[in-house]
Each structure stands twice: as structure tokens, then as C-alpha cells.
Amino acid sequence: FTNTLGMKFVPVPGTDVLFCIHETRYKDYAAYAADAQGVDGAWKNQTYDGYAITERNEDHPVTQVSWGDAQAFCAWLSKKEGKTYRLPTDEEWSIAVGLGRAEKRTKDTTPARLNGKENTEFPWGGDFPPNSKDMAGNYSDESRKAKAPRGDAQYLEGYDDGYPTTAPVMSFKPNKLGIYDLGGNVWEWVEDWFNVAKVDRVLRGGSWKNQSVDFLLSSRRGRWPPGGAGQFSPRGFRCVIELSPPAPPS
């Protein structure tokens, strides 16, 4: 399914949603900001560590958005399109990345309890470290080291994805379901609270700022307060569409 913004969605077996195959783009969020009232303008900045994005900037993922910003976008898009758009749940995201059977859940399981537990699975489907030729995803790499370095950063030595900061969505290989960038590029907000304290919301997937094995795991969860994005933050999101339940038999 492709909506009026050109966002493309595919089914994910084991869920009742269609997953956007790409992270929400700068141009998708720009359409929302142009139509809605009072949208915070932090998302407009695409310069990180002195490196300004100048090519295909509208196709890069939107960044510097809070969980609340992502919720507002989904509400706007739902009204515009006449379908229910929302963030994926932590479990739906795990299924999409290929962890559905590996993660054992009960009704009391929190994302915090699953964080990093499955320690051999990576979004690119191979071993660590990734290889440049495999187009594994956009991580902290040689290109970042050369063009957007910072003093406290570390890099995947010998890995070069070609992008110092974010990359246009769908620049790397999709997974078996046809979904792109489930690893790297930007951290993606999901619906869930991180733990029972209900202070932080969950982020999945790592970003172009990450390089260590624990941060690149498919099972890695990030956490951040829902009202904050943070200056120059690599936090974005992708949407899902709820599928309508089948009509009851007549």
C-alpha cells in the first residue's frame, strides 16, 4: 500500500499492521508541519557535527523529534488518510526485525527485560562486525570519522557506508520482508514504556552515531523521556497502519 505522501507499507506476518518500509522522511514531516499548527521547528536542522546534508535532503529521515511529536504526526496522518496510523509496538518492531520467535514474552514482560537479551542477532542478518560490501546499514563509520568527527565518538574501523551522518531512506539492503533501515540511520520511537516506572519510552534500531556490538544488536532498546528529543538527536520514527478487523459473518 502507498499513501498520498508516497509512504510505502507492507504486511508483517504475525502482526495486524502494515509496516512502513522506510523511516518517516524529512518531506513527510514537512507536509505535516506545513498543515498543522505550532509544530516545533527543531526537525528542520540537518547539520550534525559541522556536516550539512545537501543532497536528497528531503529523502533523509526526519530527526530531532520527540515521542510526542511522532504521536502528533500519526494523529494528523490518520485524519488526513482516513486510516489508523500509529507507532509500532515494541513487539511488532521485534517481529519485523526477525526476533518474533526468539523473544519470549508474558503479559508482564517489559522492553527493559528483553533489552540486549538475544545477543547474536543483527538487523543485517549476518555476524558482527558488518562488512561494507554487505550494505548492512548506516552506522558510525569511516565516512563519519572523515567528514563529521567528534571528540567522544568511536567508529567501525574498516566499515564505510558512504554517509557521514544520516542517509536517504532505503539506501541499504532491505530485510526479508522488504523493510529498510531497521538497523542504523536513526533510532525509532515505538509505543511502549521502557519499564514499569513509565518514565522513558522505547527506541529501537540504533543510529548513524552507533558502532559497538551491543548497540547494533536487533534486541537493543534505547530509552528517552517522551517529551524530549534532544538537540542534534538521531531520534526519528516509522509508522504502521492498523489493519481493519474482518467483518463478522452474516
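The values are calculated or read from the model by the stated rules, or taken from the named source; none is laboratory data. All figures in this text were calculated on a predicted structure; none of them were measured in a lab. Every residue, glycine as well, gets a Cβ built from its backbone with ideal geometry; the counts of neighbours run over all protein chains shown. Calculation scope for accessible area: heavy atoms of the full protein, side chains included, ligands and nucleic acids excluded. Shrake-Rupley method; radii C 1.70, N 1.55, O 1.52, S 1.80 Å.
Applying the selection to the range 1-38, what residues are closer than 21 Å to Trp187 by Cα and open to solvent by 40 Å² or more (accessible area, probe 1.4 Å)?
Lys8, Lys27
Of the conditions (1) touching a Ser or Thr at 6+ places or on another chain (Cβ under 6 Å); (2) open to solvent by less than 50 Å² (accessible area, probe 1.4 Å), Val65 clears all except one; give me its number.
Here Val65 clears every test but (1).
Of all the residues that make up the range 61-85, how many are in contact with a Cys (Cβ under 9 Å, 6 or more places away or on another chain) and not in a helix (DSSP H, G or I)?
Result for the range 61-85: 2.
Please tell me if Glu58 is closer than 21 Å to Pro174 by Cβ, touching a helix residue (DSSP H, G or I) at 6+ places or on another chain (Cβ under 7 Å) and either at pLDDT 95 or above or polar (S, T, N, Q) (or both).
For Glu58, the condition - closer than 21 Å to Pro174 by Cβ, touching a helix residue (DSSP H, G or I) at 6+ places or on another chain (Cβ under 7 Å) and either at pLDDT 95 or above or polar (S, T, N, Q) (or both) - is met.
Residues are listed down the side, and each one gets a yes or a no for (1) in contact with a strand residue (DSSP E or B) (Cβ under 6 Å, 6 or more places away or on another chain); (2) charged (D, E, K, R):
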residue: Asp141; (1), (2): no, yes
residue: Tyr155; (1), (2): no, no
residue: Tyr163; (1), (2): yes, no
residue: Lys173; (1), (2): no, yes
residue: Asn185; (1), (2): yes, no
residue: Asn195; (1), (2): no, no
